[in-house]
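Here is the structure we will look at.
The values are calculated or read from the model by the stated rules, or taken from the named source; none is laboratory data. Just so we're clear, the structure is a prediction, and the values are computed from it rather than from any experiment. Glycine also receives a Cβ, built like all others from the backbone with ideal geometry; neighbour counts cover every protein chain displayed.
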Amino acid sequence: MAQGQFSVDDKKAEHGKTVFVAKGCNGCHTIGRGNLAAPDLAGVLDRRPEEWLKKWLKDPRPFLEKDEYAKALSRKFNGMRMPDLDLSDKEIDAVLHYIAQQGLHAPKPDPQSNTQ
């Protein structure tokens, strides 16, 4: 589901912000401020299907071994590997709402300069 079609729930997004900060996501990612150690997440729901993102956030390890897109991201970011954050399904849903909410008004990364 593209971000434009993703209906943001502000209450879930509020919980998602707490999870995003508590799990240290903001140490590697921004939402609309450019790449850090990992991709800028603004517009990620436009670039990846929601179900892919949910599975990725649940357990990134298999993706890093078999998914060409995930492997390309790791190469682009100097071998950085998304850690398994042991997120519950509720936390994953909340984080996606937060990312979508924050990304609504954030500049989207240039697809030519950002693999994600």
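Among the residues of the range 85-116 satisfying the criterion of being within 19 Å of Asp67 (Cβ to Cβ) and at pLDDT 70 or above, which is surrounded by the most Cβ atoms within 10 Å (Cβ to Cβ)?
Restricting to residues being within 19 Å of Asp67 (Cβ to Cβ) and at pLDDT 70 or above, the top hit is Leu96.
Among the numbered criteria (1) over 25 Å from Thr18 (Cβ atoms); (2) among the small types (Gly, Ala, Ser); (3) modelled with pLDDT of 95 or more, which single criterion is violated by Ala72?
(3)
Have a look at Ala37, Ala42 and point out the one that is in contact with a Cys (Cβ under 8 Å, 6 or more places away or on another chain), within 22 Å of Pro107 (Cα to Cα) and not in a helix (DSSP H, G or I).
Ala37
Conditions (1) of a type in the set (S, T, N, Q); (2) closer than 13 Å to Val95 by Cα; (3) in contact (Cβ under 8 Å) with a residue 12 or more places away in the chain; (4) surrounded by fewer than 19 Cβ atoms within 10 Å (Cβ to Cβ), marked per residue:
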| position | (1), (2), (3), (4) |
| --- | --- |
| Lys11 | no, yes, no, yes |
| Lys23 | no, yes, yes, yes |
| His29 | no, yes, yes, no |
| Arg33 | no, no, yes, yes |
| Ala38 | no, no, yes, no |
| Ala42 | no, yes, yes, no |
| Arg47 | no, no, yes, no |
